[in-house]
Amino acid sequence: MTVTLITGANKSLGFQTARELVAQGHIVYVGARDPEKGRRAADELGAKAVQLDVTDADSIRAAAEQLQREQGRLDVLVNNAGIPGHVNSAGVPGHPSTATELTAETLREVFETNVFGAAQVLHEFLPLLTKSDHPVVVNVSSGLGSIAAVPRGEERAIPSWIPVPGYAASKAALNMLTAQFAYLLPDLRINTVDPGYTATDFNGHRGTQTVEEGAAIIVQAATVGKDGPTGQFLSVHGPVAW
Ligand SMILES: NC(=O)c1ccc[n+]([C@@H]2O[C@H](COP(=O)([O-])OP(=O)(O)OC[C@H]3O[C@@H](n4cnc5c(N)ncnc54)[C@H](OP(=O)(O)O)[C@@H]3O)[C@@H](O)[C@H]2O)c1
């Protein structure tokens with residue numbers, strides 16, 4: 001059976017991904033920073049729970065040791081845990097209203113979870129992934145991490161586009177790590193995905209998609225075949241411009 005770990009899986013997109021992979025027969029570990037929330041989610045799904053705070057190196061190491069003890073390998077890692085970051089002066093998460101609100105501190109906070117956290121999880125679980133005969137990693141990114149999509153010149157008139165410099169930079173960094181790891185580890189299928197704007201706690205449920213729609217590309221990338229894509233930035237509509 002395929003052994004899968006999903007970070008931040010106690011709710012929302014991670015939880016829905018866990019539900020679908022359990023239904024496909026995976027042994028799913030629900031990673032949650034709050035052990036009680038993780039246990040409740042795992043019980044509801046018929047999954048297993050593992051305490052994992054992606055900003056806490058000791059917690060990540062302990063989670064890897066638990067997987068080593070219980071399964072001896074990891075087949076699929078879904079780096080899903082993420083935060084929008086800085087709450088601006090208008091109270092909107094991830095949206096500094098002015099360029100002057102962006103500081104190293106606001107960037108550090110969002111990078112700590114979305115970039116350093118994902119990187120450290122991958123680092124600690126790589127030895128277990130290399131024991132799989134078909135290791136797969138999914139980094140949950142965002143269309144906002146696309147540098148190509150940032151409006152320039154006349155495109156500045158696009159009304160729906162919102163600047164989120166810290167969050168967007170963190171996802172662009174995650175995308176680059178994905179491309180670099182795909183080069184360094186050709187036996188690994190590692191892709192970065194854009195779930196699309198999905199109604200979750202992340203955006204006060206303003207997203208326009210359901211969690212089923214949002215999780216679709218995560219599930220697709222988690223179940224990619226041995227000859228499937230690697231080093232790609234993907235959505236349900238196909239490749240996303242970097
Ligand atoms: N929703 C969207 O529209 C959208 C669009 C594009 C990309 N994404 C990305 O999709 C991923 C999931 O988003 P979501 O909408 O499901 O968000 P969400 O509803 O806010 O859920 C985020 C999950 O991540 C967990 N988490 C946060 N910090 C963590 C940490 N330090 N260690 C471990 N877990 C942590 C949360 O745990 P707690 O319950 O303990 O807080 C929660 O389980 C994120 O990476 C996000 O950037 C979302």
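The values are calculated or read from the model by the stated rules, or taken from the named source; none is laboratory data. Note that the coordinates shown come from a computational prediction; the quantities given were computed from them, not determined experimentally. Backbone-built Cβ (ideal geometry, glycine too); neighbour counts: all protein chains shown. Remember, those area values only see protein heavy atoms, side chains included, never the ligands or the DNA or RNA. Shrake-Rupley method; radii C 1.70, N 1.55, O 1.52, S 1.80 Å.
Among the residues of the stretch 165-196, which ones are away from the ligand (no atom under 14 Å from the Cβ) and open to solvent by 30 Å² or more (accessible area, probe 1.4 Å)?
Within the stretch 165-196, 165, 176, 179, 180, 181, 183, 184, 185, 186, 187, 189 qualify.
Just to check your reading of the model, which residue among 141, 160, 235 is within 15 Å of the ligand (Cβ to nearest atom), small (Gly, Ala, Ser) and open to solvent by 20 Å² or more (accessible area, probe 1.4 Å)?
One residue alone meets the criteria, 160.
Which residues, taken from the stretch 136-154, are at pLDDT below 95 and in contact with a helix residue (DSSP H, G or I) (Cβ under 6 Å, 6 or more places away or on another chain)?
Selection gives 144 alone.
Among the listed residues 49, 32, 41, 64, which satisfies the condition of being touching a helix residue (DSSP H, G or I) at 6+ places or on another chain (Cβ under 8 Å), free of Cβ contacts under 8 Å to residues at least 24 places away in the same chain and of a type in the set (Gly, Ala, Ser)?
Answer to the selection: 49.
Restricted to the stretch 197-213, and to residues that are more than 6 Å from the ligand (Cβ to nearest atom) and assigned to a helix (DSSP H, G or I), which residue is least open to solvent (accessible area, probe 1.4 Å)?
211
For residue 7, which of the numbered conditions (1) more than 13 Å from the ligand (Cβ to nearest atom); (2) touching a Leu at 6+ places or on another chain (Cβ under 8 Å) fails to hold?
Residue 7 satisfies every listed condition except (1).
Which condition number does residue 33 fail, the rest of (1) open to solvent by 60 Å² or more (accessible area, probe 1.4 Å); (2) within 11 Å of the ligand (Cβ to nearest atom); (3) touching a strand residue (DSSP E or B) at 6+ places or on another chain (Cβ under 6 Å); (4) not acidic (Asp, Glu) being met?
Just one mismatch for residue 33, condition (3).
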